[in-house]
1. Relative contact order for the chain: what percent, with Cα pairs under 8 Å and sequence separation of 6 or more?
2. Kindly report, to the nearest 10 Å², the accessible surface of T67 as traced by a 1.4 Å probe over protein heavy atoms only.
3. Please list, or write none, the aspartates and glutamates whose alpha carbon is within less than 20 Å of the alpha carbon of K78, excluding same-chain residues fewer than 8 places away.
4. So what is the relative contact order for region 30-69, in percent, with contacts set as C-alpha pairs under 8 Å and at least six apart?
5. Note down the net charge around Q72, summing +1 for each Lys or Arg and -1 for each Asp or Glu among other residues with Cβ under 14 Å from its Cβ.
6. List the relative contact order of region 123-176 as a percent without decimals, with contacts defined as Cα pairs under 8 Å and 6+ residues apart.
7. At a 10 angstrom cut-off on C-beta neighbours, averaged per residue, how do the peptides 94-100, 6-12, 30-36 rank from highest to lowest?
8. Pick out which of G17, G148, G48 has the largest mean-square fluctuation in a Gaussian network model of the chain, springs linking Cα atoms closer than 10 Å.
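The values are calculated or read from the model by the stated rules, or taken from the named source; none is laboratory data. Predicted, not measured: the structure shown is a model, and the values here were computed from it. FYI the Cβ positions are ideal-geometry reconstructions off the backbone, even for glycines, and counts take in every protein chain you see. Note: areas computed on protein heavy atoms with side chains; ligands, DNA, RNA excluded. Shrake-Rupley method; radii C 1.70, N 1.55, O 1.52, S 1.80 Å.
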Amino acid sequence: MQRYQRQMQLPQIGEQGQRRLQQARVLVVGAGGLSATLLPQLVGAGIGRIRLYDADRVALHNLHRQTLFKQQDIGKAKALCAQAHLSQCNSDVLIEPEVTHITASTLRQALRDIDIVVDAADNFATTYLLSDACLTHELPLISASALGTQGYVGGFCGGAPSYKALFPHLPETAGN
């Protein structure tokens with residue numbers, strides 16, 4: 001617990017809060033630009049288990065904004081590279097990489113024993129799929145997206161309205 005001494009000094013966290021963080025199980029969907037910042041923060045905070053879904057491979061054009069990856073990672077699976085790099089930062093955090101897309105057929109396994117879902121996939125179809133599943137399973141969903149120099153982040157489901165309740169129609173022209 002000495003590793004987390006500074007954050008445990010915060011009255012909102014304390015020793016009890018740190019123990020809750022160490023027991024937390026988070027599903028992160030997407031290991032790209034948003035997760036390059038998010039994942040090291042989760043690992044640094046001492047989240048107990050992170051299940052990471054991403055089917056992409058590291059490309060040269062990723063490196064300027066996806067700072068979790070290095071040149072030697074080019075061509076390798078992002079989820080596996082993320083696990084390797086993050087495990088060096090905090091070996092107490094269990095990283096479960098899944099080199100696959102979140103789909104209707106993979107969702108059940110992805111959500112098994114999860115406390116909270118983070119959607120960093122930057123893909124509306126995935127966001128809608130996660131929103132429906134989180135609403136059904138009463139799981140909180142944090143969804144974030146960025147396009148160019150703009151972005152958003154919001155909390156949905158788990159007692160709040162779903163993403164689909166706020167944005168009922170999938171954009172016809174929007175890409176990833």
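1. Details: 310 pairs, mean separation 34.9, N = 176.
Rounded, it is 20 percent for the chain.
2. 90
3. Those aspartates and glutamates meeting the cut-off are D54, D56, E96, E98, D119, D122.
4. 67
5. Value of the local net charge: +3.
6. It rounds to 39 percent for region 123-176.
7. 30-36, 94-100, 6-12
8. Answer for the Gaussian network model of the chain: G148.
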